[in-house]
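Below you'll find the structure, written out as C-alpha cells, and then a few comments.
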C-alpha cells in the first residue's frame with residue numbers, strides 16, 4: 001500500500017466523526033487534502049456542514065469541490081478540525097507547518113472544540129524534533145529575529161541549523177499571511193513546552209510549529225490497518 005493510500009485511509013476514518021451541521025476546520029497538506037476530497041463526496045450526497053480553510057490552497061480546493069465555507073469572523077467557534085501533522089509523539093504533541101500554514105492552522109485548531117489529526121505511521125516519533133521545526137516570523141528585522149530565536153532555542157536546551165525557507169524558484173517562501181518561515185533543524189526537542197514558551201516570547205515570531213494540548217486524537221494508518229490514538233470524541237478539557 002502506498003503512502004498516499006495510507007493517508008486516504010486515515011482521512012476516511014476521520015470522516016466517521018463528522019456529523020450533520022458541524023462547523024469544521026479544514027487542514028492543509030497532502031493528508032488533509034484527502035479529507036477535503038472525501039468530505040466533498042459526502043456533501044454532494046447531502047451532508048450539510050460548513051468549513052473554515054486553514055490556507056488559500058485548501059480554500060481553492062474546497063470551493064472547487066463545492067464544500068460550503070465560512071470564516072472565523074462569521075463563525076468564531078468550530079466543532080472539529082481535521083488536519084495532518086509532520087510528526088507526533090505519545091503525548092499527542094505535534095510539529096506542524098511543513099506546508100507553510102502553521103499560523104492559520106493553529107488559530108483554527110484553537111477555535112475548535114476538538115482536533116483530530118490524520119497521518120501515517122512514519123510520523124510517529126519517540127521525541128519531537130526529527131522534522132525541522134517551522135517558526136513563522138515577521139519580514140521586518142529577520143536577522144535580529146534569527147539571533148533571538150537562537151537564544152530561545154539555547155534556553156530550552158536545543159541547538160541546530162536555522163534555515164530561512166525557500167520556495168521552488170529559490171526565492172524566500174512567503175506564507176498566506178505575508179510572513180517568512182525559519183526551519184529549525186534540531187534533531188530532538190528535550191522540552192517542547194519550554195521551547196514553546198521561549199519562542200512565543202521572541203518579538204518577530206508570529207507563531208511556531210509546536211502544537212501542544214490541541215490534538216484530541218491522532219488517526220494513524222499503517223500496513224496493518226488504522227489505529228486511533230487518543231479521544232476522537234473529545235476530552236473534558238484541553239491544554
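The values are calculated or read from the model by the stated rules, or taken from the named source; none is laboratory data. If you're wondering where the values come from, they're calculated on a predicted model, not measured in any experiment. For neighbour counting, all protein chains shown are included, and Cβ atoms are generated from backbone atoms with ideal geometry for every residue, glycine included.
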Going through the stretch 56-86 in order, the residues found to be in a strand (DSSP E or B) and more than 30 Å from residue 183 (Cα to Cα) are 69, 79
Those residues of the stretch 150-163 that are surrounded by 12 or more Cβ atoms within 10 Å (Cβ to Cβ) and in contact with a strand residue (DSSP E or B) (Cβ under 6 Å, 6 or more places away or on another chain) come to a total of 3
Checked the stretch 130-164 for anything in contact (Cβ under 8 Å) with a residue 40 or more places away in the chain and over 20 Å from residue 203 (Cβ atoms); matches are 130, 131, 132
- Is it fair to say residue 90 is surrounded by fewer than 18 Cβ atoms within 10 Å (Cβ to Cβ), more than 26 Å from residue 19 (Cα to Cα) and either modelled with pLDDT under 95 or in the same structural domain as residue 224 (by TED's automatic domain parsing) (or both)? yes
Residue 182 passes all but one of the listed conditions (1) touching a residue at least 60 places away in the same chain (Cβ under 8 Å); (2) crowded, with 21+ Cβ neighbours inside 10 Å; the exception is number (1)
Just one listed residue, out of 221, 215, is more than 16 Å from residue 96 (Cβ to Cβ), crowded, with 22+ Cβ neighbours inside 10 Å and in contact (Cβ under 8 Å) with a residue 60 or more places away in the chain, and it is 221
Reported set for the stretch 87-105 where residues are in a strand (DSSP E or B) and over 10 Å from residue 117 (Cβ atoms) is 87, 95
Exactly one of 34, 9 is touching a strand residue (DSSP E or B) at 6+ places or on another chain (Cβ under 7 Å) and either assigned by TED's automatic domain parsing to the domain that holds residue 220 or modelled with pLDDT of 95 or more (or both), and that one is 9
Within the stretch 51-64, is even one residue without any contact (Cβ under 8 Å) to a residue 24 or more places away in the chain, surrounded by 15 or more Cβ atoms within 10 Å (Cβ to Cβ) and in the same structural domain as residue 26 (by TED's automatic domain parsing)?
yes
